[in-house]
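The values are calculated or read from the model by the stated rules, or taken from the named source; none is laboratory data. Every value quoted in this text rests on a predicted model; they were computed, and no experiment measured them. Virtual Cβ from ideal backbone geometry, glycine too; neighbours counted across all protein chains shown.
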Amino acid sequence: MTQSQTSTPESHDPEGRETYDVHAVQEKWLPVWDDLAPFRSGRPDDERPKKYVLDMFPYPSGDLHMGHAEAYAMGDVIARYWAQQGFNVLHPIGWDSFGLPAENAAIKHGLDPAGWTDANIAQQKASMRRYACSFDWDRVLQTSDPAYYRWNQWLFVKMFEQGLAYRKDSAVNWCPNDQTVLANEQVVGGRCERCDTVVTKKKLTQWYLRITDYADRLLEDMTQLEGQWPEKVLLMQRNWVGRSTGAEVRFEVEGRDEPVTVYTTRPDTLFGATFFVVAADSELAATLAAGTSAEGDFAAYLEGIKQVSDIDRLASDRPKTGVFLQRYAVNPVNGARIPIYAADYVLADYGTGAIMAVPAHDQRDWEFATTFGLPIVTVVQPPAGWSGEAYSGDGVAVNSEFIDGLRKTEAIERTVAWLEEKGLGAGAVNYRLRDWLISRQRYWGTPIPIIHCPSCGEVPVPVDQLPVTLPSTVGLDLTPKGTSPLGGAEDWVNVACPTCGEPARRDTDTMDTFVDSSWYFLRYLDPDKTDGPFDPAAAREWMPIDQYVGGVTHAILHLLYARFFTKVLHDMGMVDFTEPFTRLLNQGMVVMGGSAMSKSRGNLVRLTDELEGNGVDAVRLTMVFAGPPEDDIDWADVSPSGAKKFLARAWRLSGDVTSAPGVDVTTGDLALRRATARAVDDAGKAVESYRFNVAVAKTMELVNAARKAIDSGPGGADPAVREAAEAVAILLSLVAPYTSEEMWERLGHEPTVALVGWPTVDPALLVEDSVTCVVQVAGKVCDRLEVSPLISEDELRALALASAAVVKALDGAGIRTVVVRAPRLVNIVPA
RNA sequence: GCGGGAGUGGUGGAACUGGUAGACACGCAGGACUUAGGAUCCUGUGCUUUCGAGCGUGCGGGUUCGAGUCCCGCCUCCCGCACCA
């Protein structure tokens, strides 16, 4: 039986040979798979062990593109591999469907963002089905659905009740183009991560989530992820949290009752503090300047630095500027009177916004001191021959009274103890991490479920009244103008206070869409649940996620927020784990000709064109075979047509098998059987360690071996050929589902191949019957011997020394040593 | 500046705990079958070569019987952070 029993998609070339019609095969199998739904997961009677594989969900900004195709190909290899290994694999998909592009498109074309979004989702969904992703189509979700964002609001209210959501007035990052605030994480190099506009500052009252309360746990729990996440991502997260230890020190300020506290990582250099700097844009600076003769200078300076863009501020070689405030602080360790400056090199929102300046041991302070002619006092002995400017390394304390002679660590400890004893300061920890600003002044997002009441203040919407749905866009002006468009929906905004019943107003901002994606993975477990955000019992069964797949662009933002939410949910008793993603794979990007694809650059490769030209399987195979999954793929360097040729070659094997299904393979050609066993074993190991490209190479080797066996070996009737072809079909099921399914049918089996199980390998076949032993003389290969893998050292040594090539290479020279590593290598070292 | 990663044929990339460098492909060349071939199949393909061999994993050292792999010092490229006291 070599012909398919159903419709036969293969056509023939002019000479009557079969050719592989990829498009016909695609059309043939899609409805069959819809019907069989092999990847529907979580049936109650399913006894298989569970695995949860998750791809980062897409933003529905149009149809799928090359980047999606790569990411989903990688995730699918893993999901399908585990399915073949007998796991009950949960592999869901959904849409991160709130956000600016929908709103901007709606403004541009006068549409409703919801309609635009839903149309794109429908298109992407159809493309994903065709792309043959092993998604469980019974578990889809989209975050712009009130049934979803209702639970964003619920979680917000819970966090508000626990003090984890709060409102404060602060200078925030503002994108003048998008007319909305941005979280710190969304400012990349001083620019808006969305639209690349230079970000400015604006004073606003906004909602924050207290992620800083979790700073230590976000760091500590990374030990669970060590070795499971890319080291690079862990490092980026560590740096982002930016924990540092040191001390807070109180300085008295002349003519002021209240002392000013500074944070320093180097309390051991306190004796070297020769001046004092406060952030020019801080409240403190304004307070200190008020009423002094420096007030005018300060105001002028402040005005000047406001003109400096964030981009210029970032230039580290910028000269130090500042203004003397005509005031003095007192160094608590030695009573020295030190001048107070306001400068923009000190940040208002880190530490206390004020520093003690130690020019001898801090480069920035050194530059400032040099510019302003301030004294530089060495208090840590630099190493002999030190010729730099500020010395910030370890050394012995000098000119520092009670810590003289101590090295850094001890000197810090002693100083902190001294400060604590005198009530002048204490050991302290600081973080670069700031609280997460989640308010956005845009329409297409989750409304913040708070009602502002003139008498009751901030009142959360009672949870039984959730969701607070978005008002209709009809009659609403969505154009960005600095305040939320929701404010224009009078009927929606004006409500009765839930507490006192008096007239009150809804909060008109919407949430950052990263809130949506901070817990969506839990929603998949029961996407239609109406009495809670997710099912805790299901979470116990499925979570944490065994494999998360997505781009490294989310190394900080999304992953940090999701980790934070997980910890909050853990503390609320809703989940029993503290880290959501056990293993993380960051696939690379698809670029073209060395640079990111873009319409303006004219190097855009359209996924639909590639799929049309070479078929789904060839595109998927190209993605997977191009190299390690985390590397970028340059589409100019790879060959989808080569992939297509390989698939046709594999497919042809299935037509050349003439033995019947179920034939006793143990009687088959031993060499081919060994090759099959080896390929299956190697490919499995490769997939487990993310070397998908190697797994494909092993499959190609097997195809080549089978081809050879058919054409110039035992022939297509040999049972080993069937065994090999079936193994190829199964190995290909991870990467090329259509070809795999078609091969499986042509080999006389029922669909679907997707769950038939990874081929079993007889371990005896993995033991080679002979191995090539390399014989080296002085480290250079001079002969190769075919020997038994079980050969003894002595036997092998004798064999090697008897080799004619060895005798010739030695050329009569004596032998110093012979290194024998049976059975693979002998190295003979001449005297 | 600080931190991290990476440099292997014409190209993408293989190489388990140090043990045959270049698997598997792309490209290229040649051949078979052909009216034709961008189809298919086969062969070859690191560089140099006085055809003996020599040289080869960014560069220079080192450890070792043996180094792409380990150690030290450089060079280049990529990524992240960027005045975080």
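Tell me whether the stretch A:738-754 contains one or more residues that are over 38 Å from the mean Cα position of the chain (by Cα) and more than 30 Å from A:Val619 (Cα to Cα).
no
Condition check ((1) at pLDDT 95 or above; (2) of a type outside the set (Val, Ile, Thr)) across all residues:
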residue	(1), (2)
A:Phe298	yes, yes
A:Ile311	no, no
A:Asp317	no, yes
A:Leu325	yes, yes
A:Ile340	yes, no
A:Tyr345	no, yes
A:Ala348	no, yes
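Can you say whether A:Glu795 is surrounded by fewer than 12 Cβ atoms within 10 Å (Cβ to Cβ) and either aliphatic (A, V, I, L, M) or more than 8 Å from RNA strand B (Cβ to nearest atom) (or both), as far as the supplied structure shows?
Taking the combined requirement at face value, the residue does not satisfy it.
So which residues in the stretch A:192-215 are without any contact (Cβ under 8 Å) to a residue 60 or more places away in the chain and closer than 19 Å to A:Asp571 by Cα?
Within the stretch A:192-215, A:Asp213 is the sole residue that qualifies.
Do we find that A:Asn173 is of a type outside the set (Phe, Trp, Tyr), within 16 Å of RNA strand B (Cβ to nearest atom), at pLDDT 85 or above and not in a loop (DSSP other than H, G, I, E, B) in this structure?
Against the criterion (of a type outside the set (Phe, Trp, Tyr), within 16 Å of RNA strand B (Cβ to nearest atom), at pLDDT 85 or above and not in a loop (DSSP other than H, G, I, E, B)), A:Asn173 qualifies.
Kindly indicate which of A:Lys108, A:Lys168 is among the basic types (Lys, Arg) and either buried (at least 23 other Cβ atoms within 10 Å of the Cβ) or assigned to a helix (DSSP H, G or I) (or both).
A:Lys108
Taking the residues in the stretch A:191-216 that are in contact with a strand residue (DSSP E or B) (Cβ under 6 Å, 6 or more places away or on another chain) and modelled with pLDDT of 95 or more as candidates, determine which candidate is surrounded by the most Cβ atoms within 10 Å (Cβ to Cβ).
Per the stated criteria, the residue is A:Leu209.
For the stretch A:249-269, enumerate the residues that are of a type in the set (A, V, I, L, M) and either near RNA strand B (Cβ under 8 Å from one of its atoms) or within 22 Å of A:Lys320 (Cα to Cα) (or both).
A:Val262, the sole residue that qualifies.
Table: residues versus (1) within 30 Å of A:Val549 (Cβ to Cβ); (2) modelled with pLDDT under 95; (3) assigned to a strand (DSSP E or B).
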site	(1), (2), (3)
A:Asn177	no, yes, no
A:Leu218	yes, no, no
A:Thr223	yes, yes, no
A:Gln228	yes, yes, no
A:Val233	yes, yes, no
A:Met236	yes, yes, no
A:Asn239	yes, yes, no
A:Asp257	no, yes, no
A:Tyr263	no, no, yes
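Quick one: what pairs do we get from the stretch A:684-700, first residue surrounded by 17 or more Cβ atoms within 10 Å (Cβ to Cβ), second among the hydroxyl-bearing types (Ser, Thr, Tyr), C-beta under 8 Å, 6+ apart or different chains?
A:Gly684/A:Tyr81; A:Val687/A:Tyr81
Starting from residues that are outside any loop (DSSP other than H, G, I, E, B) and touching a residue at least 60 places away in the same chain (Cβ under 8 Å), keep the ones in the stretch A:648-669 and report whichever is farthest from A:Glu723 (Cα to Cα).
The selected residue is A:Ala648.
To keep it simple, each residue is scored yes or no on (1) among the hydrophobic types (A, V, I, L, M, F, W, C); (2) more than 16 Å from A:Ala660 (Cβ to Cβ); (3) touching a residue at least 60 places away in the same chain (Cβ under 8 Å).
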position: A:Ala706; (1), (2), (3): yes, yes, no
position: A:Ala709; (1), (2), (3): yes, yes, no
position: A:Val735; (1), (2), (3): yes, yes, yes
position: A:Tyr738; (1), (2), (3): no, yes, yes
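Considering only residues of the stretch A:704-718 that are within 7 Å of RNA strand B (Cβ to nearest atom) and in contact with a Leu (Cβ under 9 Å, 6 or more places away or on another chain), which is nearest to A:Val638 (Cα to Cα)?
A:Arg707
Of the conditions (1) over 39 Å from the mean Cα position of the chain (by Cα); (2) free of Cβ contacts under 8 Å to residues at least 40 places away in the same chain, A:Tyr391 satisfies every one except a single condition; which number is it?
Here A:Tyr391 clears every test but (1).
How many residues does the stretch A:56-71 hold that are assigned to a helix (DSSP H, G or I), closer than 15 Å to A:Phe135 by Cβ and under 16 Å from the mean Cα position of the chain (by Cα)?
Number of matching residues: 2.
Test of understanding: among A:Gly593, A:Gly602, which residue is surrounded by fewer than 21 Cβ atoms within 10 Å (Cβ to Cβ), more than 16 Å from RNA strand B (Cβ to nearest atom) and either modelled with pLDDT under 95 or closer than 24 Å to A:Ala79 by Cα (or both)?
The match here is A:Gly602.
Hey, can you tell me all the residues within the stretch A:332-351 that are small (Gly, Ala, Ser) and either within 42 Å of the chain's Cα centre (by Cα) or within 14 Å of RNA strand B (Cβ to nearest atom) (or both)?
Of everything in the stretch A:332-351, those that are small (Gly, Ala, Ser) and either within 42 Å of the chain's Cα centre (by Cα) or within 14 Å of RNA strand B (Cβ to nearest atom) (or both) turn out to be A:Ala342, A:Ala343, A:Ala348, A:Gly351.
With A:Leu486, A:Leu522 as the choices, which residue is out of contact with any strand residue (DSSP E or B) (no Cβ under 7 Å at 6 or more places or on another chain) and free of Cβ contacts under 8 Å to residues at least 60 places away in the same chain?
A:Leu522
Quick grid of which residues meet (1) charged (D, E, K, R); (2) crowded, with 20+ Cβ neighbours inside 10 Å; (3) closer than 24 Å to A:Val22 by Cβ:
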| residue | (1), (2), (3) |
| --- | --- |
| A:Arg620 | yes, yes, yes |
| A:Pro628 | no, no, no |
| A:Ser639 | no, no, yes |
| A:Ala648 | no, no, yes |
| A:Arg652 | yes, yes, yes |
| A:Arg678 | yes, no, no |
